[in-house]
Structure formats: structure tokens, C-alpha cells
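Since every read-out is calculated from the coordinates, none of them should be taken as a lab result. This one's a predicted model, so the numbers in the text were calculated from it and none came from an experiment. Here Cβ is always computed from backbone atoms with ideal geometry, including for glycine, and neighbour counts include all displayed protein chains.
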């Protein structure tokens, strides 16, 4: 199957690199960038190392070269550092990038939809959830997903596992709602070996409130911590986006907390979703505490307000 990536910046490069290593696109990977020389340079650099990866044709191209693509990942747009979204005290968070990136998306998505009308569109650019809603309108179809809170959930599992001194693969924990400051941590259903997370912690880890505060801070602002060190948050989202692509292209029916339009909430947000060749085929809304459910409603309201802003 053919996969397209729009944008050859830090995130687009990381997505391409992870896709090559994981190998779900067994035919062609096409990179489209407004400066085609950059896309060509990226392909030229990676193609030599790709000799050691599962076989796939790597190409730079234009929108017309996306014809027949099963999946198109959009990574283009200004990032958090460039867009001034690196203040931990700013409640807007990634939503500060929305107005600028919405202008870019109106043009990009129209070209993607014209060139690859049957493709699933995966929005990776921040803020992915409201941009996915915009992409749905511009593309004129429902096959639009956002990377959502998949990476946030992986971060949640990682930080819980580090405190428990177990593998993150042994921790079941999810973050839902917005990929942003209003995201909701499902502490009530977090488990390790079937045991509630709170019961598994040693008292030396601190009080329950201290633990929750510390973990949520680490997860919610992980992107800013990364940017302060390297200038761009790219590698984690590259791996997460490639894993989503893998589930789609291999029709895995994998359950992933990913962003899609949820009529109940009137907006794109993340809930556990069955992901396969048709995109999201089913939503599995988990049990939540009353505080978590109210938090999800607030997160949906934040996103609805953001989408209203870019529609008017």
C-alpha cells in the first residue's frame, strides 16, 4: 500500500523514519513538502539505511503523486517552539497554534482530497483534534483521524511504570479527550496485573494526590520538557504515528486511544477506538469516575470552542 507524508520537517522526518523501520507500507512512501528539495534530501538520506529495513520504495513527490494512497499523514505546520506554545502556565497550550495552522490546512487538505480521495487522513500537526475537524470539512468525508492522546497514554504508562519499577507494557492506563492541557487521566481504571494502580504503589512514593500531580505534570508538559532540551518534540510522535499507520494498513482492529469525530461530543477527541483499514470502526467508551466524566465534558467544550473559532 502507498502512504503519503505531507511535511518534511522534524515531525515528518520522524514519522518517515519510524514507518521505514516498522515496515507497514510495503509498496511506496511518498514525502511531499513545499520545498521539494528538502523532501528529496530527506529521502536520499534515509534510503541508504532503509536497505536494512523491510523493503519499500521511498520517493519525494508532489500532491499528484499521492494518487492511490491508502493513508496520508499530515505533519506540516508551525510547531510549539515557533508558535510560542511552550509556557506551562498558558491554559491554551497547543491551541495557540490553531489559527496559523488552520490556514495551512485549508490548502493542504483540499489538495490531498483531490489527489487521493479514498485515503484516510491522519492529522499529526498540533493541535491535531480541531485540525482534524477542519480537515473533515475541507475533505468532505469522515475518514479523518488525529493522533490524539495515543502518545499521552504512552507517556502516562511510562511514568507510572517507572514509579512501579515494572515494564510500561505491563501497565494499562489511558489519557482521553484533547491532546492538550484539558486532557483527562483515567486513574480510576489504571491497572498493573489487574491491580488498581493506587494499590500497587509503595507508600514511599508519596500521597495519592502528590503522585497524581507529579505524574500528570510530567505527561501534560512532556512536550515542553523535550523542546527545552532539543528544540522540537518529534521522535515519540513519529513512533506513535507509525504505529497508528501500522494498525490501519494491516487492518489490525487494534484498540488505541485515538482522535476521531464523536457525535456524542460534537467534536474530534480521543476515546479508545477500534482501528483498522476503514479507520475507526467502533468507539469503546470506558467506565469513568464522575470527576473523569466531567473532565471529558470540559475537554470536549474546550475543543468545540476552538473549532467554532476557526469556522467563523
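Applying a 10 Å radius around every beta-carbon, put 12-18, 275-281 in order of their mean neighbour count, most first.
Numbers: 12-18: 24.9, 275-281: 18.3.
Result, highest mean Cβ count within 10 Å first: 12-18, 275-281.
With each label point set 7 Å from Cα along the Cα-Cβ vector, what nm distance links residue 252 and residue 191?
Result for the modelled spin labels: 2.0 nm.
Ranked highest first by average number of other Cβ atoms within 10 Å, how do 175-183, 297-305 line up? Display every interim value, and only then the final one.
Working: 175-183: 25.3, 297-305: 18.4.
Packing order, densest peptide first, comes out as 175-183, 297-305.
What's the ranking of 91-101, 130-140 by average number of surrounding C-beta atoms within 10 Å, highest first? Could the numbers behind the result be given before it?
Values: 91-101: 19.7, 130-140: 22.9.
Peptide ranking by packing, descending: 130-140, 91-101.
Quick one: helix 150-164 against the long Cα principal axis of the chain, what's the angle to the nearest 10°, folded into 0 to 90?
It is inclined by approximately 40 degrees.
Nearest 10 degrees is fine. How inclined is helix 10-22 to the longest principal axis of the chain, computing both from alpha carbons?
Its long axis makes an angle of about 90 degrees.
Calculated from DSSP H runs of 4 or more alone, at -39500 (n - 2.57) each and per residue, what is the 222 nm mean residue ellipticity of the chain, nearest 500? Walk me through the intermediate numbers first.
Values: 10 runs with 135 residues, N = 312.
Per the formula, -14000 deg cm²/dmol.
For the range 150-311, what does the alpha-carbon gyration tensor say about shape, rounded, prolate or oblate, given a ≥ b ≥ c as the root eigenvalues, a/c under 1.5 as rounded, and a/b over b/c as prolate? Could the numbers behind the result be given before it?
On the way: a/c = 1.38, a/b = 1.32, b/c = 1.04.
Rounded.
How much FRET efficiency would the formula 1/(1 + (r/R0)^6) give for residue 37 and residue 230, where r is the Cβ-Cβ distance and R0 is 30 Å, rounded to 0.05?
Values: r = 24 Å, r/R0 = 0.81.
That gives a FRET efficiency of 0.80.
To the nearest 0.05, what FRET efficiency results for residue 51 and residue 285 with a Förster distance of 51 Å applied to their C-beta separation? Mind dumping the intermediate values first?
Numbers: r = 44 Å, r/R0 = 0.87.
E(calc), rounded to 0.05, equals 0.70.
For a test of the definition: using alpha carbon positions, the gyration tensor, and the 1.5 limit on a/c, classify the range 212-299 as rounded, prolate or oblate.
Details: a/c = 2.33, a/b = 1.13, b/c = 2.05.
It comes out oblate by the Cα gyration axes.
Answer rounded, prolate or oblate for the range 38-172, using the Cα gyration tensor with square roots of eigenvalues a ≥ b ≥ c: rounded when a/c is under 1.5, else prolate when a/b is larger than b/c, else oblate. Before the final figure, lay out each step's value.
Details: a/c = 1.76, a/b = 1.21, b/c = 1.46.
Oblate shape, in that a/c is at least 1.5 and b/c is the bigger or equal ratio.
On full extension of the chain, what length is gained from residue 21 through residue 308, given 0.36 nm per residue of separation minus the C-alpha to C-alpha distance? Intermediate values should be presented prior to the final figure.
On the way: separation 287, 0.36 × 287 = 103.32 nm, distance 3.89 nm.
Contour length minus the Cα-Cα distance gives 99.4 nm.
Calculate log10 I(q)/I(0) of the chain for q = 0.07, 0.12, 0.13, 0.15 Å⁻¹, where I(q) comes from the Debye formula with a single equal point scatterer on each Cα and nothing for solvent.
At q = 0.07, 0.12, 0.13, 0.15 Å⁻¹ the computed log10 ratios are -0.26, -0.77, -0.90, -1.20.
How much length is gained on full extension from residue 201 to residue 162, taking 0.36 nm per residue of separation minus their Cα-Cα distance? Present the calculation step by step, with values, prior to reporting the outcome.
Details: separation 39, 0.36 × 39 = 14.04 nm, distance 1.10 nm.
The residue 201-residue 162 span can extend by a further 12.9 nm.
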